[in-house]
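Worksheet: one structure, shown below.
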Amino acid sequence: MYEKPTQENLDKMFDYIQEKMTPDKFMPIKTDLAFDTIKMLMSEKIIDNCVLSNDELSFVKISNDYNEKMFNYISNLDFEKWIDISSEVQAACIKLCFKKIDGLEFNADYSKFRKVNMNFIAPKKND
């Protein structure tokens with residue numbers, strides 16, 4: 001039987017994330033209710049420093065310090081240069097930067113990312 005997150009679920013999860021969750025460390029999501037609660041908090045932008053893993057079986061709270069350092073690093077990157085991603089936490093932090101920096105993209109297996117020049121539009125080829 002599906003159980004929709006209640007306000008109490010949202011409040012408890014929010015408190016746990018803000019007060020007890022270790023930053024920059026993935027935590028498993030153990031129930032469908034927990035998953036739905038986390039997704040709801042994220043979609044409503046009540047928490048904006050958390051990211052789901054690619055398989056959506058865990059999530060991580062990114063520290064503000066790490067997020068700021070990654071944002072500054074990415075902002076200063078050259079366009080079109082692929083950068084290796086060294087950890088799943090680093091990939092999650094880069095995903096947070098996607099919300100603030102236009103033109104970021106991952107490769108197919110999330111092992112690299114790059115900054116794309118959004119001002120350059122390649123001309124279409126005539127067939």
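Only one residue in I38, I74, I94, I101 is assigned to a loop (DSSP other than H, G, I, E, B) and under 15 Å from the mean Cα position of the chain (by Cα), so which one is that? Working first, answer last.
Details: I38 fails: assigned to a loop (DSSP other than H, G, I, E, B); I74 fails: assigned to a loop (DSSP other than H, G, I, E, B); I94 fails: assigned to a loop (DSSP other than H, G, I, E, B).
Answer to the selection: I101.
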Exactly one of K81, K99 is among the basic types (K, R), modelled with pLDDT under 90 and open to solvent by 20 Å² or more (accessible area, probe 1.4 Å), and that residue is K99
Can you work out which of the residues in segment 25-35 that are buried (at least 17 other Cβ atoms within 10 Å of the Cβ) and not aromatic (F, W, Y) is nearest to F71 (Cα to Cα)?
M27
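Matching residues to (1) among the β-branched types (V, I, T); (2) without any contact (Cβ under 8 Å) to a residue 40 or more places away in the chain; (3) more than 30 Å from K4 (Cα to Cα):
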{"site": "E56", "(1), (2), (3)": "no, yes, no"}
{"site": "I62", "(1), (2), (3)": "yes, yes, no"}
{"site": "D65", "(1), (2), (3)": "no, yes, yes"}
{"site": "E88", "(1), (2), (3)": "no, no, no"}
{"site": "D102", "(1), (2), (3)": "no, yes, yes"}
{"site": "A108", "(1), (2), (3)": "no, yes, yes"}
{"site": "S111", "(1), (2), (3)": "no, yes, yes"}
{"site": "R114", "(1), (2), (3)": "no, yes, yes"}
{"site": "N117", "(1), (2), (3)": "no, yes, yes"}
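Go through segment 67-86 and give me each residue that's in contact (Cβ under 8 Å) with a residue 12 or more places away in the chain and not hydrophobic (A, V, I, L, M, F, W, C).
Step one: of segment 67-86, the residues in contact (Cβ under 8 Å) with a residue 12 or more places away in the chain are 67, 70-71, 74-75, 77-85.
Once the filter is applied, which keeps residues that are in contact (Cβ under 8 Å) with a residue 12 or more places away in the chain and not hydrophobic (A, V, I, L, M, F, W, C), segment 67-86 yields N67, S75, D78, E80, K81, D84.
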Identity of the residue in segment 103-115, at pLDDT below 90 and surrounded by 11 or more Cβ atoms within 10 Å (Cβ to Cβ), that ends up farthest from F26 (Cα to Cα)
G103
So which of N67, N54 is among the polar types (S, T, N, Q), closer than 26 Å to K115 by Cα, in a helix (DSSP H, G or I) and modelled with pLDDT under 95?
N67
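The values are calculated or read from the model by the stated rules, or taken from the named source; none is laboratory data. These figures come from a predicted structure and were not determined experimentally. We place every Cβ from the backbone using ideal geometry, glycine too, and count neighbours over all the protein chains shown. Protein only, heavy atoms only, side chains kept; ligands, DNA and RNA dropped before computing areas. Shrake-Rupley method; radii C 1.70, N 1.55, O 1.52, S 1.80 Å.
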